[in-house]
Structures are given as structure tokens and as C-alpha cells.
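What follows is calculated from the coordinates using simple rules that are stated; it is not laboratory data. Because the structure is a prediction, the values reported are computed rather than measured. We place every Cβ from the backbone using ideal geometry, glycine too, and count neighbours over all the protein chains shown.
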Amino acid sequence: MNFSGLIQDFGPLTITGLAQGAIIALFALGYTLVYGVLRLINFAHSEVFLMGTYFCLLVWGLFGLDQNSATPSTIAVIGLVLLGMVVAIVASGATALAVELVAYRPLRKRNAPPLAFLITAIGASLFLSETVGVITKRNITGVPPLIRPRDVFVIGNTHVTNLQILIIVLALVMMYVLDRFINRSRLGRGIRAVAQNPDSAALMGVNKSRVISLVFLLGGLMAGIAAVMYDLKIGVTRFDAGFLLGIEAFTAAVLGGIGNLRGALLGGLLLGVLQNYAAGLFGTQWLHAASFVLLVLILLVRPTGLLGESLGRARA
Amino acid sequence: MRQVLARAIGGVAVIGLIAGAAACNSDSSSDTTSGSNCGYKLAFFGALTGSAANLGVNIEQGFELAVQQYNTKKGSDCITVQKFDSQGDPAVAPGVARQLVTDKKILGVVGPPFSGESEAADPIFEAAGIPTITPSATRVSLAANGWKVFHRAVANDDAQGPAAANYIKDTLKATKVFVADDQSAYGAGLADVVKKTLGSAVVGTDKTEADGKQTDFSATVQKVVSSGATVMFYGGYYQNGGLIRKQLTAANWKGTLVGGDGMKDPGLAKAAGNAAAEGTIVTCPCSPPEKAGGTFVTDYKAKWNVDAGTYSDVAFDAANIYLAGLDAGNNTPEKMNTYLTTVDYKGIANEYKFTSTGELDPSLIKVWTFKFDASGVEIADQEVKTS
């Protein structure tokens with residue numbers, strides 16, 4: 001146990017953990033939203049994220065950019081990142097809607113048991129990731145270096161770069177926007193109504209199918225943003241990038257309270273940071289093992305997750 | 001009515017099953033070739049897809065070139081190439097190996113290229129008696145299992161590891177080195193040898209997830225930066241190596257990354273970006289491909305439209321060792337295996353003689369270092385003393 005290493009690196013590990021955690025948090029929102037409304041764990045959400053990572057690379061490739069290109073001017077970078085985000089959101093949202101339409105809606109119409117949904121979800125996830133794997137020969141695709149990490153400020157040995165600040169701020173902003181949407185808007189009220197009791201909501205005039213599609217779309221939207229941030233931070237994507245991160249995101253969602261939006265944020269940030277501490281303390285090979293031990297410990301004490309309450313139960 | 005239908009279908013199924021089995025039987029007994037030594041197969045077993053696929057594909061292409069040239073010389077499609085994709089994954093390899101050994105026409109295997117899949121698949125080849133020549137698996141313990149079918153056409157990590165460590169000490173003159181590996185049979189084995197040779201110069205160690213299983217290395221990078229190391233040695237493959245190099249550069253680390261033959265591929269520059277990868281050193285128990293004899297370099301380029309890659313020349317030689325054995329009348333796996341114990345073959349990349357455990361004769365081993373240039377290609381640097 002390397003305590004001195006952990007104390008020495010505490011600052012840098014915290015910042016890099018927060019940046020990684022922010023991406024995980026955005027990704028986790030998709031899981032938590034769908035579970036909150038449908039009581040369904042959407043395993044295909046990892047491929048929703050994957051499509052976002054690939055499609056924004058495709059668009060950037062149209063501009064002739066690959067991992068060896070020079071960094072363009074600031075105006076061009078802003079434009080490209082925004083364009084990439086739009087494309088990723090569209091691609092992720094479309095994938096999420098397609099999965100809902102093809103994989104889940106027919107089962108819902110037939111009142112299938114929950115196990116059928118689980119199998120279909122895993123099947124959809126495998127189909128999409130393996131197809132991408134065959135197309136890309138399971139090799140990596142590089143990302144153009146649009147944002148060169150530059151130190152914005154330094155505290156001791158902790159370097160905080162522009163990219164890390166961008167990721168964390170963006171995640172917080174998107175989380176706030178989503179929270180306001182769910183809690184204040186009419187559509188958001190519809191989502192909470194369906195989450196609370198689908199049949200009563202239908203009786204009150206809420207279009208259940210439309211709400212469910214909206215929930216998938218929102219999850220896809222968040223995943224698309226997470227996808228672009230992932231591309232810029234990690235610099236490569238692979239056919240199983242969604243799977244690797246998806247396990248962590250799902251863990252984060254459960255950690256924070258599945259069905260709880262703020263729980264997803266807290267769970268994601270906490271997981272990112274604690275994983276890094278575990279890596280610093282025990283060695284990077286314990287990174288994933290540590291996060292699952294943590295999950296089990298927290299669930300033992302608080303079975304509903306840290307923030308507990310779900311989407312349906314409105315705050316007083 | 002339904003009962004009659006069910007019985008009719010059942011009867012047809014049973015007849016079909018018996019006919020199929022009979023057909024299979026007659027197939028395998030009717031292929032005794034009459035002295036022409038044609039109609040046999042040579043197999044490639046290794047990663048054709050997957051995170052380290054480039055290394056497997058380089059070897060497969062060298063192997064296939066040799067067989068194609070042999071067939072052209074014979075004037076017919078004498079020897080068939082059979083490819084088996086293990087994805088470089090020790091979990092996938094055994095299943096694919098079992099598939100390979102059911103084909104009784106296969107005289108020998110070129111591969112497996114990786115140490116992890118060798119550990120998993122070689123027991124199956126040993127049980128079936130199919131000879132293997134690996135052009136690249138360097139883990140030392142592979143030769144210690146008593147396998148009669150195992151043959152290694154290159155030096156192992158007991159030569160490559162000290163070569164890397166000596167280069168770090170003598171050429172890079174580093175006093176603080178960080179050593180990490182990907183916990184694979186190859187990576188951990190190589191890193192352990194390097195750690196032993198470097199001794200007190202090692203200021204920190206870490207382990208990462210297997211190749212392709214991790215993309216965020218921020219914890220490892222942070223450890224390297226705070227250890228003050230000027231050189232990092234990573235035992236692993238090019239994808240993880242490239243990502244680590246990229247993230248080290250992003251963290252403003254000014255040191256040099258050194259790796260083994262698993263990182264010797266342009267794929268490292270693809271993962272890291274050419275600018276970050278420039279200056280990375282990799283060792284290899286192989287000589288530079290452009291030094292290969294004969295017309296290999298131009299033939300390879302003409303057939304595959306790319307330059308010969310890591311170990312393509314060794315795989316070419318491995319295939320030709322089998323073909324020379326076949327020409328000498330060894331047309332069963334057992335005869336081929338016996339032939340390999342006494343073979344002395346002068347190929348285009350090296351001369352090949354195997355010891356009783358399957359290792360390459362120690363007098364024939366050589367280790368080179370390569371450096372990545374600005375265009376993302378590894379260029380020969382120098383030949384290294386191995387002890």
C-alpha cells in the first residue's frame with residue numbers, strides 16, 4: 001500500500017479523476033433515466049455512446065483531420081468541437097431511438113417479462129459493438145488533437161489543464177440543464193409522471209410512448225456529449241470503448257442511486273476520483289477491482305445508493 | 001397426421017446423419033497422395049483481428065508469400081495456406097486451436113505469435129503432435145514446458161530484456177527508470193527481466209490492464225511524472241504503449257518510452273500521434289527487415305503493397321523451413337517434427353538451428369533497437385549486446 005505516493009499525488013489524481021468522472025457521469029445519465037422510467041437496464045446504452053465517438057470522428061475526418069494533423073486555430077477548434085458535438089448528439093440520439101423502437105417497444109407491446117428485456121438489451125449491445133468491430137477490424141481509430149492540453153493554473157504539483165476544466169464544467173452545466181428540464185418543464189413533468197406510475201400517467205393524458213422515446217433521446221444526448229469529451233481526452237476510440245466505460249458508468253449510476261439524476265453525477269465523479277486513489281494506493285491493476293469493492297460496501301450500508309430517491313418521487 | 005409427419009421427418013434426419021458421417025469418412029480416406037508431396041496444408045495461427053492484429057498480419061503475410069512462391073515454383077497449387085484467427089487473445093486461442101488440429105492435412109503451424117496465446121494453445125498442438133514454429137513469442141517459460149512441438153525462431157526475453165536494460169543504462173544513460181507492464185505473459189515476463197537487470201535504477205513500477213482493455217492511463221502517468229524517471233520501460237503491445245505515450249506527452253513528461261518487440265509497429269504512432277511517438281525506442285530479437293536477403297523486401301512489397309513488417313522475414317523463413325522439410329520427404333506432422341530437431345536452415349533473415357527445448361541456437365540470436373521517427377515508422381538504430 002503506497003500511502004506516501006497517494007498523498008504526494010493527491011491533487012493530480014483528484015483532478016484527473018474528476019475529469020474522467022465527469023465523462024462517466026454524463027454517460028451514466030442514460031442508464032439512470034431509462035431505469036427510472038422503465039425499470040429497465042439499457043445495456044445497449046454503451047453502444048449509443050460508441051456511435052457518438054465514431055460519428056464525430058467521421059465528420060472531423062471529412063475536414064481531413066486525423067490524429068497526426070496540426071491543431072487548427074482557436075476559431076476553427078470551437079467550430080469543429082461544436083459541430084462534433086451536434087453530430088455525436090444526433091448519432092447517439094438516433095441510435096438510442098432505434099434501439100428503443102426495434103428492441104424494446106415490441107416487447108413492451110407484448111407485455112414481455114423483465115428477463116426478456118434484459119436479454120434483448122445485451123443482444124442489441126453485442127450486435128452493435130461486434131458490427132463496429134468487424135467494420136473497423138477491431139483496431140483503434142485516432143482522434144485529431146483539436147485541444148492541446150495546456151495548464152490553466154497550477155497548485156503545488158497539480159496541473160489543471162484547459163481540457164479538464166472544459167470537461168468538468170460541461171458536465172456540470174449539462175447536468176444542471178437536464179435537472180431543470182426534468183423538474184420544471186411540461187415534458188419533464190410527463191417523464192416524472194410515467195416514472196411514478198405509467199398507467200395513471202396515461203389516464204392523465206400523458207403520451208407514454210412519446211415520453212419513453214424522449215427519455216431514450218435525452219440519454220442519447222448526454223451520451224453524445226460524453227462521447228465527444230471522451231474522444232478529445234483519450235484520443236482514440238475502439239469498438240469496445242462503450243463496453244469498457246459502460247460498466248463503470250452503470251456502476252456509477254447504481255452507486256449514486258439508480259433512477260436519480262443527481263445520483264448519477266455524484267456517482268460518476270466519486271467513482272472517477274476513488275478509482276484513481278485506488279490506483280495510486282494499490283497499483284493500477286486494482287483500479288476496477290477497487291471500484292466494485294467500493295460499490296458493494298456502499299450498497300451494504302445504503303442499498304438504494306448514495307442519494308437513494310428515484311426519478312418518480314418528486315422533491316417536496 | 002402430425003405423428004406421421006414427425007416420424008417421417010425424424011427418419012429423413014437419421015438417414016441424412018448417417019449419409020453425412022459416411023461421406024466424411026470416405027473423404028478422409030481417399031486423400032493418400034501418391035508421392036507428389038502436394039495436397040498438404042500449412043497453417044497460420046495468430047491475431048488477424050484485435051488490438052495487436054498488425055503484428056499477426058505481418059507474420060501471416062510473410063508466411064503466405066513463402067508458400068505462394070513455393071507453389072509458383074512447383075507450377076501448381078501444391079500447398080494450401082490455412083489461416084486461424086485467435087484475435088491474439090489467450091481466451092479465444094484454445095477453441096481455435098482445437099479447430100486447427102482436426103484438420104489432418106496440416107503439416108505444421110507458423111505461430112502463435114504472442115506468448116499469452118502460446119501458453120494457451122501450445123498444449124493442444126503438443127497433444128496433437130503438430131509442429132509449431134513461432135516467429136515472435138519471446139516469453140522464456142514457453143520452452144520450459146517440455147513441449148516437443150515447440151520451436152522458437154527468435155531469441156527469447158532472456159536476451160531481449162537485458163538488451164533493453166543495457167540500452168537504457170549505457171546509451172540513454174538513465175539513472176531513474178519507471179517500469180510497467182500489462183500483466184500479460186509476454187509483457188510481465190519481459191518487464192521482470194528488465195527490472196532484474198536494471199536493479200536499483202528502477203524508481204517506480206506499475207501494472208496496467210491487458211492490451212485493449214484500458215484507455216485512461218492517468219494514474220500510471222501521474223506515477224511516472226512524480227517518480228522523476230527520465231525513462232519509462234513498458235512491457236506490452238503497441239496499442240497500450242501508444243496510448244501511454246500520448247498521455248505522457250499530454251502530461252508534459254519529457255522522458256523516453258522504451259518497449260519490446262510487442263510495441264514495434266507503426267500502430268504505436270497511430271495510437272500516440274506521430275509527434276508524440278517520435279523518439280520512442282523499441283527492442284526486437286530480429287534484424288531490420290530491409291536487411292533481409294534475396295528479393296524478399298521487393299517481393300513482399302509487390303504482393304502486399306506495404307513494406308514488410310516486424311517478423312515478416314522470420315515468418316517467411318519459418319514457412320520455408322517447413323517447405324524444405326516437405327521437399328525432403330517429411331509429409332506427416334511426426335516426420336516434420338523429427339526433421340525440425342536436426343534442421344540447419346539458412347534463411348533470408350537468419351540461420352536457424354533449434355536446441356533440444358526448441359529454442360533458437362544461442363550462437364544465432366541477435367537483438368536490435370529501433371527508434372520511431374517523425375513519420376511514425378520505426379527505423380533501425382543499432383545492434384545491441386545481449387548480456
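Dipole of segment A:1-146 computed with +1 at Lys/Arg Cβ and -1 at Asp/Glu Cβ about the Cα centre; of A:I78, A:S4, A:Y31, farthest Cα towards the positive end is A:Y31.
Segment A:137-231: which trypsin sites (Lys or Arg not before Pro) are DSSP loop and have at most 15 other beta-carbon atoms within 10 angstrom? Filter output for segment A:137-231: A:K137, A:R150.
Label positions at A:A76 and A:L187, each projected 7 Å from the Cα along the C-beta direction, are separated by 3.5 nm.
With neighbours defined as other Cβ atoms within 10 Å of a residue's Cβ, the residues A:Y35, B:Y345 order from fewest to most as B:Y345, A:Y35.
Could you size up the charge dipole of the protein assembly as shown around its Cα centre, putting +1 on the beta carbon of Lys and Arg and -1 on that of Asp and Glu, and report it in debye to the nearest 20?
Details: 56 positive and 52 negative charges, 566 e Å.
Charge dipole of the protein assembly as shown: 2720 debye, to the nearest 20.
Using the average count of surrounding beta-carbon atoms within 10 Å as a protection proxy, the listed peptides B:168-176, B:188-196 rank, highest first, as B:188-196, B:168-176.
Name the most mobile residue of A:L13, A:L115, A:L29, meaning the one with the largest mean-square fluctuation, in a Gaussian network model of chain A with Cα contacts below 10 Å. In this elastic network of chain A, the residue with the biggest mean-square fluctuation among A:L13, A:L115, A:L29 is A:L115.
Taking Cα atoms only, the orientation of helix B:157-166 departs from the longest principal axis of chain B by about 20 degrees. Between the residues A:L18, A:I258, A:A290, the greatest Cα displacement towards the positive end of the dipole of chain A, with unit charges on the Cβ of Lys, Arg, Asp and Glu, is found for A:I258.
Once fully extended, how much extra length lies between A:S213 and A:R105, figured as 0.36 nm per residue of separation less the alpha-carbon to alpha-carbon distance?
Details: separation 108, 0.36 × 108 = 38.88 nm, distance 0.96 nm.
Working it through step by step, the gained length comes to 37.9 nm.
If I model a spin label at B:E334 and A:T304 as a point 7 Å from the Cα along the Cα→Cβ vector, what separation in nanometres do I get? That separation, rounded to one decimal, is 7.3 nm.
Report, in order of residue number, the helices in chain A meeting two criteria: a C-alpha extent of 18 Å or more along the helix axis, and a mean Kyte-Doolittle hydropathy of at least 1.6; treat each whole DSSP H run as one helix.
Working: long enough: A:10-38 (39 Å, 1.58); A:45-62 (26 Å, 1.24); A:74-99 (37 Å, 2.43); A:114-135 (32 Å, 1.78); A:162-184 (32 Å, 1.47); A:208-234 (38 Å, 1.38); A:241-256 (23 Å, 1.72); A:261-282 (31 Å, 1.27); A:287-301 (22 Å, 2.82).
Long hydrophobic helices here: A:74-99, A:114-135, A:241-256, A:287-301.
Each Lys and Arg Cβ is given +1 and each Asp and Glu Cβ -1; about its Cα centre, chain A then shows a dipole of about 1060 debye.
Both radii are taken from the alpha-carbon atoms of chain B; with Rh as the Kirkwood radius, Rg/Rh is 1.06.
Here the Debye sum runs over all C-alpha atoms of chain A as equal scatterers in vacuum, and log10 of I(q)/I(0) at q = 0.08, 0.09 Å⁻¹ comes out as -0.36, -0.46. In the protein assembly as shown, a dipole from Cβ-located charges (positive for Lys and Arg, negative for Asp and Glu) runs towards its positive end, and of B:P362, B:L48, A:L166 it is A:L166 whose Cα lies farthest in that direction.
Roughly what % of DSSP beta bridges within the protein assembly as shown run antiparallel, to the nearest 5? Kindly include the intermediate steps, with their values, before the conclusion.
Numbers: 19 of 50 bridges.
Roughly 40 percent of the beta bridges in the protein assembly as shown run antiparallel, per DSSP.
Working from label points 7 Å from Cα in the Cα-to-Cβ sense, the B:R98 to B:T355 distance is 3.4 nm.
Rounded to the nearest 20 debye, the dipole magnitude of segment B:232-308 is 180 debye, with +1 charges on Lys and Arg beta carbons, -1 on Asp and Glu beta carbons, and the Cα centre as origin. For chain A, modelled as a GNM with alpha-carbon contacts under 10 angstrom, which of A:Q275, A:Q285, A:Q196 fluctuates the most? Per the Cα network of chain A with a 10 Å cutoff, A:Q285 tops the list.
Peptide A:132-140 has a mean shielding of 5, counted as Cβ atoms of other protein chains within 10 Å of each residue's Cβ. In this calculation the C-beta distance from A:A202 to A:Y176 is compared with R0 = 30 Å, giving a FRET efficiency of 0.50. Rounded to the nearest 10 degrees, the angle from helix B:185-198 to the longest Cα principal axis of chain B is 30 degrees. Across chain B, C-alpha contacts under 8 Å between residues 6 or more apart give a mean separation that, scaled by the residue count, equals a relative contact order of 18 percent.
Is there a simple number for the mean count of other chain Cβ atoms within 10 Å of the Cβ of residues in B:218-229, and what is it? The partial results should precede the final answer.
On the way: counts 15, 16, 5, 3, 13, 10, 0, 4, 7, 3, 0, 0.
Taking all residues of B:218-229 together, the mean is 6.
Counting pairs of alpha carbon atoms under 8 Å apart in space and at least six apart in sequence, what relative contact order in percent does segment A:3-301 give? Don't skip to the answer; put the middle values down first.
Working: 476 pairs, mean separation 118.4, N = 299.
For segment A:3-301, the relative contact order is 40 percent.
Our estimate of slack between B:D327 and B:D192, defined as 0.36 nm per intervening residue step minus the Cα-Cα distance, is 44.4 nm. For the protein assembly as shown, the alpha-carbon radius of gyration amounts to 1.07 times the rule-of-thumb value 2.2 N^0.38 Å expected for a compact globular protein.
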